[in-house]
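Accompanying notes for the structure given below.
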Amino acid sequence: MSPFVQHTLARPVQFQGVGLHTGATINVTMGPAPIGAGVRFMRSDVSRTDPRVVARGDAVCQTRLGTVIGNSAGVTVATVEHLMAALAGLHVDNVVVDLDGPEVPILDGSCAPFVALIDRAGRRQQAARRRYVEILETVEVTDSGKSAALVPSDGFAVAVEIDFESGAIGRQRIDLVIDEAAFRTELASCRTFGFRHEVEALREAGLARGGSLDNAVVIDGDTVLNPEGLRRADEFVRHKALDAIGDLHLLGAPILGRYEGRRAGHGLNNALVRALIERPAAWRFATPPKERMRAV
């Protein structure tokens with residue numbers, strides 16, 4: 001896998017799963033896309049208006065329970081962050097995602113099933129150079145003691161800190177240089193999480209109908225309710241790092257920079273993406289450092 005050129009899937013791959021919020025079974029086909037297409041969703045259940053939703057930062061229309069993107073016709077696709085993270089982690093630039101419902105299936109709550117699906121489809125190099133978003137100046141957003149920033153760096157790294165009152169989580173921090181190997185081994189299998197009282201409140205509001213111990217880590221007070229326990233002692237902060245990678249991939253290109261998040265979530269991540277876009281002097285499209293060195 002050359003880091004210098006774009007990639008798509010070698011062949012289509014199909015899967016189905018439950019939507020976290022609707023509880024409905026959703027069928028999905030991921031397939032190859034042309035050079036420069038980026039990540040595009042197609043709602044096959046929508047026929048009377050534009051069913052296409054492009055995955056980009058300014059398409060985000062809701063971040064309360066995950067990242068939701070939409071188009072000008074009001075068509076939306078929810079819970080895109082885990083699939084976006086898998087595409088970023090495995091360097092898949094161009095793909096079309098056809099689905100017959102309003103959200104990407106939650107599967108097991110991590111990226112691991114999406115990684116397996118991409119591996120099953122295979123990846124194909126395309127005859128075009130890959131562009132990177134190179135961070136030139138630090139950009140930071142804050143909100144009530146929470147923060148998210150992108151800082152100049154020669155490669156892509158994530159540093160994430162979380163702090164919860166629950167003894168099951170407490171304060172956790174992770175700092176990783178991200179390449180494909182690190183994504184696969186350090187982050188991909190880490191699941192989303194939530195608190196029992198929040199899940200119950202969401203269900204009373206008609207949300208989280210598909211949530212279960214099969215697709216999330218659920219915490220009650222200081223106790224993890226999942227019978228199998230955690231996949232890693234710090235699975236919580238690792239999943240937050242995974243979420244950040246998916247949210248940042250809505251920039252439409254891999255990043256040469258360091259992400260630093262403190263108690264950040266989807267909303268702050270998208271605010272960071274928008275803040276970067278609005279500061280053109282803080283970034284530029286560039287080729288990766290190794291290719292620049294090779295050309296000298």
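Figures for the structure shown
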| item | result |
| --- | --- |
| Odd one out for Gln62 among (1) more than 19 Å from Gly210 (Cβ to Cβ); (2) open to solvent by 60 Å² or more (accessible area, probe 1.4 Å) | (1) |
| In the range 67-98, the residues that are part of a strand (DSSP E or B) and open to solvent by 10 Å² or more (accessible area, probe 1.4 Å) | Val68, Gly70, Thr76, Ala78, Val96, Asp98 |
| Segments classed as strands (runs of 3 or more DSSP E), wholly inside the range 118-236, with at least 2 members that are touching a strand residue (DSSP E or B) at 6+ places or on another chain (Cβ under 9 Å) and aliphatic (A, V, I, L, M) | 123-129, 132-135, 139-143, 146-151, 156-163, 171-177, 217-220 |
| Tabulated pairs, the range 62-82, first under 19 Å from Val18 (Cα atoms), second part of a loop (DSSP other than H, G, I, E, B) and of a type in the set (D, E, K, R), C-beta under 8 angstrom, 6+ apart or interchain | Ile69/Arg56 |
| Contacts under 7 angstrom Cβ, first residue in the range 29-45 being without any contact (Cβ under 8 Å) to a residue 60 or more places away in the chain, partner basic (Lys, Arg) and open to solvent by 30 Å² or more (accessible area, probe 1.4 Å), 6 or more apart | Arg40/Arg52; Met42/Arg52 |
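Yes or no, residue by residue, for (1) in contact (Cβ under 8 Å) with a residue 12 or more places away in the chain; (2) touching a Cys at 6+ places or on another chain (Cβ under 9 Å); (3) closer than 28 Å to Ile219 by Cβ:
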site: Ile135; (1), (2), (3): yes, no, no
site: Thr138; (1), (2), (3): yes, no, no
site: Lys146; (1), (2), (3): yes, no, yes
site: Asp154; (1), (2), (3): yes, no, no
site: Ile162; (1), (2), (3): yes, no, yes
site: Glu204; (1), (2), (3): no, no, yes
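The values are calculated or read from the model by the stated rules, or taken from the named source; none is laboratory data. The structure presented is a predicted model; accordingly, all values stated were derived computationally and were not measured. Here Cβ is always computed from backbone atoms with ideal geometry, including for glycine, and neighbour counts include all displayed protein chains. With ligands, DNA and RNA removed, areas are computed over all heavy atoms of the protein, side chains included. Shrake-Rupley method; radii C 1.70, N 1.55, O 1.52, S 1.80 Å.
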